[in-house]
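The values are calculated or read from the model by the stated rules, or taken from the named source; none is laboratory data. Everything numeric in this text was worked out from a predicted model, so none of it was measured. Cβ sites come from the backbone with ideal geometry, for glycine too, and all protein chains shown count toward neighbours.
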Amino acid sequence: MRTIAVVYYSGTHNTEIMAKAIADSVTRHGSEAKLFTPGEFNSSMLDSFDSIAFGCPAMGMEVLEEEHFEPMFSEVEKHLKGKPIALFGSYGWGDGQWMEDWEERARADEALLMYKSIIAQEIPDAIALAKCELLGEILST
């Protein structure tokens, strides 16, 4: 059985909805999902998981949340080389540039992006949730 970490920050619960949809899908597809907030996760935990889904909304000028998520991700990303990961999050304005920047950053870290990143504008709609379902399935196999 695979064990998947879903690490997320959510200020409005939109990214949390996505995180829970991914975790539920992982479980439905026969693997174990563990949900973490940024304060509960660090690089010493990376080897305990087969893959990790990181979720963060766009903040400010389309950047990762700076108080909780960014410090955790900055610490973890130094250890992502060769690690299977996925990225997801929500936004309220802009065009999703924060996610493109985050993908580029993950590629520079030599992480293995398992699926195209999932973004939802505001509350995740049926399409975004279907993508979360598919991501959970992919991470479980």
Condition first: small (Gly, Ala, Ser), out of contact with any Lys or Arg (no Cβ under 6 Å at 6 or more places or on another chain) and under 14 Å from residue 14 (Cα atoms). Can you find one or more residues in segment 69-84 that meet it? no
Tell me, please, whether a residue that is at pLDDT 95 or above, surrounded by fewer than 13 Cβ atoms within 10 Å (Cβ to Cβ) and under 14 Å from residue 8 (Cα atoms) can be found in segment 36-56. yes
From the list 89, 60, which one is of a type outside the set (D, E, K, R) and at pLDDT below 95? 60
In segment 34-44, is there at least one residue being of a type outside the set (Val, Ile, Thr), over 27 Å from residue 94 (Cβ atoms) and not in a helix (DSSP H, G or I)? yes
Given the structure, is residue 53 under 12 Å from the mean Cα position of the chain (by Cα), part of a helix (DSSP H, G or I) and closer than 18 Å to residue 141 by Cα? no
Can you tell me which residue in segment 60-103 is surrounded by the fewest Cβ atoms within 10 Å (Cβ to Cβ), limited to those that are in a strand (DSSP E or B) and in contact with a Gly (Cβ under 8 Å, 6 or more places away or on another chain)? 87
Could you identify the single residue in 127, 138, 119 that is part of a strand (DSSP E or B) and modelled with pLDDT of 95 or more? 119
Starting from residues that are in contact (Cβ under 8 Å) with a residue 60 or more places away in the chain and more than 13 Å from the chain's Cα centre (by Cα), keep the ones in segment 28-44 and report whichever is nearest to residue 80 (Cα to Cα). 31
Based on what the data block shows, is residue 132 in contact with a Gly (Cβ under 8 Å, 6 or more places away or on another chain), crowded, with 22+ Cβ neighbours inside 10 Å and among the hydrophobic types (A, V, I, L, M, F, W, C)? no
Listed residues 74, 51, 43, 31; which is in contact with a strand residue (DSSP E or B) (Cβ under 8 Å, 6 or more places away or on another chain) and closer than 25 Å to residue 108 by Cα? 51
Please find, among 66, 70, 75, 104, the residue that is under 13 Å from the mean Cα position of the chain (by Cα) and of a type in the set (Asp, Glu). 70
